[in-house]
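Participant: What follows is a structure written as structure tokens; I'll ask about it next.
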Amino acid sequence: MRIRKAIIPIAGKGTRFLPATKEIAKEIIPIINVPMIHYIVQEACEAGIEQVIFVTASGKFSVEDYFDRNQELEAFLERNNKIKELDLIRQIGSMVDVTSVRQKEQLGLGHAVLCAKSMIGDEPFAVLLGDDIVINHNPAIKQLMDLSLKHDGSTVIGVMEIPREQTNKYGIVKGEVIDEKTLRMTGMVEKPRPEDAPTNLATPGRYILTPEIFEILEKIPRGAGNEYQLTDAINVLCQKKNVYAYKFEGERFDTGSIPGYLDATIDFALKDPATRDTFVASLKYRLTKYGITL
Ligand code: UTP
């Protein structure tokens with residue numbers, strides 16, 4: 001058995017990035033010069049995913065266009081002998097087979113995943129959130145795929161350790177410890193107070209799911225925020241089947257939030273030799289300018 005397809009929901013309104021998201025898709029906003037969605041699709045590709053299914057909404061066409069060929073731009077770069085840029089553009093255009101389905105109303109992440117049901121068929125699949133970047137040499141989603149395949153294609157939810165005082169910002173998993181990285185889940189709790197949290201393991205947007213989740217998503221009522229929550233469906237699944245939580249390796253950036261986006265930008269600027277020195281010089285100057293001592 002192989003996991004070949006990935007659903008990437010990108011239909012959210014991105015209100016934290018307004019006014020930019022009034023006119024452009026949040027996922028196209030770049031970390032320096034590379035759109036955030038590039039990193040997510042790249043992770044899926046490096047994990048061996050063959051087909052990416054975007055769950056989109058109006059105004060998101062630029063995400064599909066980004067992964068398409070742009071023959072006019074290619075011809076321009078060729079004419080001007082910009083070979084490096086040409087290779088880069090061609091490579092993005094042939095990165096992966098991309099399809100999309102429309103979520104006509106933004107009724108929550110659970111509903112977004114359900115919108116892609118007809119594209120999946122009878123096989124386990126990956127879900128990666130369009131605004132959560134995870135950097136690691138072995139892609140986070142591949143780590144979950146490997147565990148799922150070890151357990152006959154079971155559902156695996158990617159988790160990360162967070163400081164206990166932040167549990168009220170995340171979905172938190174509970175369950176029985178199998179080894180230092182794996183739990184057999186008994187359920188999930190949405191944003192518990194630190195004193196009520198069963199663990200400090202949060203779910204930042206990487207999943208291996210099976211088609212059974214669609215039947216559950218079709219039946220669950222609306223949950224938190226009056227939306228159909230993937231968390232609620234996973235909770236139901238935990239009562240019927242083995243569901244695993246896995247502490248994946250990698251550095252995660254919540255680029256759907258302004259602090260997470262800034263953090264990613266600073267990290268990427270510092271790690272790239274092409275930007276590091278100018279960035280550090282600029283930072284030093286700005287710290288002095290604003291009278292900030294570290
Ligand atoms: P978020 O909660 O980050 O929502 O959704 P958002 O709309 O993108 O951003 P804010 O909170 O308004 O700033 C998590 C992921 O689920 C997708 C989003 O696109 C994002 O990738 N999503 C959410 C959908 O595709 N459909 C929905 O109905 C809700």
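Participant: Extension gain residue 99-residue 72, at 0.36 nm per residue separation less the Cα-Cα distance, in nm? Numbers along the way, then the final one.
Facilitator: Numbers: separation 27, 0.36 × 27 = 9.72 nm, distance 2.20 nm.
Net length gain for the segment: 7.5 nm.
Participant: If R₀ is 41 angstrom, what is the calculated FRET efficiency for the pair residue 176 and residue 61, using the beta carbon separation as r and rounding to 0.05?
Facilitator: On the way: r = 45 Å, r/R0 = 1.10.
It comes out at approximately 0.35.
Participant: What shape does the range 70-165 have by the C-alpha gyration tensor, where a ≥ b ≥ c are the square roots of the eigenvalues, rounded means a/c under 1.5, and otherwise prolate means a/b greater than b/c and oblate the rest?
Facilitator: On the way: a/c = 2.12, a/b = 1.68, b/c = 1.27.
Prolate is the answer for the range 70-165, as a/c is 1.5 or above and a/b outweighs b/c.
Participant: Further, regarding this structure: Just need the relative contact order of the chain here, percent rounded to a whole number, with Cα pairs under 8 Å and 6+ apart. Intermediate values should be presented prior to the final figure.
Facilitator: On the way: 539 pairs, mean separation 62.1, N = 294.
Over the chain, the number comes to 21 percent.
Participant: Name the long-range amide H neighbours of residue 171: under 5 Å, sequence gap of 5 or more, or other chain; modelled H, no Pro or chain starts.
Facilitator: Hits under the 5 Å cutoff: 191, 203.
Participant: How much area per residue is accessible in the range 158-284 when the probe is 1.4 Å and only protein heavy atoms are counted (Å²)?
Facilitator: On the way: 6470 Å² over 127 residues.
Accessible area per residue: 51 Å².
Participant: Quick one: length gained pulling residue 224 to residue 247 fully straight, 0.36 nm per residue minus the C-alpha distance?
Facilitator: Values: separation 23, 0.36 × 23 = 8.28 nm, distance 2.52 nm.
5.8 nm is the gain from fully extending residue 224 to residue 247.
Participant: By how many nm would the segment from residue 186 to residue 90 grow when fully extended, if each residue of separation counts as 0.36 nm and the alpha-carbon distance is taken off?
Facilitator: Result for the pair: 30.0 nm of gain on full extension.
Participant: With springs only between Cα atoms under 10 Å, which of 77, 114, 201 fluctuates most in a Gaussian network model of the chain?
Facilitator: Top of the fluctuation ranking is 77.
Participant: At 7 Å along Cα-to-Cβ for each site, give me the label-to-label distance between residue 34 and residue 288 in nm.
Facilitator: Those two pseudo-labels are separated by 3.2 nm.
Participant: Taking the range 203-275, which trypsin sites (Lys or Arg not before Pro) meet the DSSP loop condition and have no more than 16 other C-beta atoms within 10 Å?
Facilitator: Values: sites: 206, 219, 222, 240, 241, 247, 252, 271; in loops: 222, 241.
Here the trypsin sites (Lys or Arg not before Pro) that fit, given the DSSP loop and packing criteria, are 222, 241.
Participant: From the helices alone, meaning DSSP H stretches of at least four residues, give me the mean residue ellipticity at 222 nm for the chain, per-run term -39500 (n - 2.57), in deg cm²/dmol to the nearest 500.
Facilitator: Numbers: 12 runs with 113 residues, N = 294.
The helix-only estimate for the chain comes to -11000 deg cm²/dmol at 222 nm.
Participant: Tell me, what is the percent relative contact order of the range 1-64, built from C-alpha pairs under 8 Å that lie six or more residues apart? Write out the running numbers ahead of the final one.
Facilitator: Values: 66 pairs, mean separation 33.7, N = 64.
Relative contact order of the range 1-64: 53 percent.
Participant: Among bridges DSSP assigns within the chain, what percent are antiparallel (round to 5)? Could you put the intermediate results ahead of the total?
Facilitator: Numbers: 26 of 44 bridges.
Percentage antiparallel, nearest 5: 60.
Participant: Percent relative contact order of the range 40-109, based on C-alpha pairs within less than 8 angstrom and at least six residues apart? Present the calculation step by step, with values, prior to reporting the outcome.
Facilitator: Numbers: 61 pairs, mean separation 34.9, N = 70.
For the range 40-109, the relative contact order is 50 percent.
Participant: For a quick check of your reading of the filter: which GluC sites (Glu not before Pro) in the range 189-243 sit in a DSSP loop and have no more than 13 other Cβ atoms within 10 Å? Show your work: numbers first, answer last.
Facilitator: On the way: sites: 190, 195, 212, 215, 218, 227; in loops: 195, 227.
When the GluC sites (Glu not before Pro) of the range 189-243 are filtered for loop state and at most 13 Cβ neighbours within 10 Å, 195 remain.
Participant: Can you pull out the trypsin sites (Lys or Arg not before Pro) in the range 76-118 whose DSSP state is coil and whose Cβ has at most 11 other Cβ atoms within 10 Å? All intermediate terms of the calculation are to be shown ahead of the outcome.
Facilitator: Values: sites: 79, 82, 84, 90, 102, 104, 117; in loops: 82, 104.
Listed in order of number, the matching sites are 104.
Participant: Another question about this same structure. Here are some pairs, 174/240; 22/289; 13/60; 169/219; which of them have Cα atoms lying more than 22 Å apart in this structure? All intermediate terms of the calculation are to be shown ahead of the outcome.
Facilitator: Numbers: 174/240 15 Å; 22/289 33 Å; 13/60 10 Å; 169/219 26 Å.
Table pairs above 22 Å Cα-Cα are 22/289; 169/219.
Participant: Rounded, prolate or oblate: which one fits the range 135-212, using the alpha carbon gyration tensor with axes a ≥ b ≥ c (rounded when a/c is under 1.5, else prolate when a/b beats b/c, else oblate)? List each step's numbers first, then the result.
Facilitator: Working: a/c = 1.99, a/b = 1.60, b/c = 1.25.
Judged from the Cα gyration tensor, the range 135-212 comes out prolate (a/c at least 1.5, a/b above b/c).
Participant: Right, next: Roll a 1.4 angstrom probe over the protein heavy atoms and tell me the percent of accessible area of the chain that is carbon or sulfur.
Facilitator: 51 percent
Participant: Also, I was wondering about something else. Among the DSSP beta bridges whose two residues both lie in the range 1-125, what percent are antiparallel, rounded to the nearest 5?
Facilitator: Numbers: 2 of 13 bridges.
Percentage antiparallel, nearest 5: 15.
Participant: Please check: in the Gaussian network model of the chain (C-alpha springs, under 10 Å), which one of 237, 144, 270 has the largest mean-square fluctuation.
Facilitator: Of the options given, 270 has the highest mean-square fluctuation.
The values are calculated or read from the model by the stated rules, or taken from the named source; none is laboratory data. On a predicted model such as this, the values are computed, not experimentally measured, just so you know. Note: ideal-geometry Cβ built from the backbone for every residue, glycine included; neighbour counts use all protein chains shown. For accessibility, only protein heavy atoms count, side chains too; no ligands or nucleic acids. Shrake-Rupley method; radii C 1.70, N 1.55, O 1.52, S 1.80 Å.
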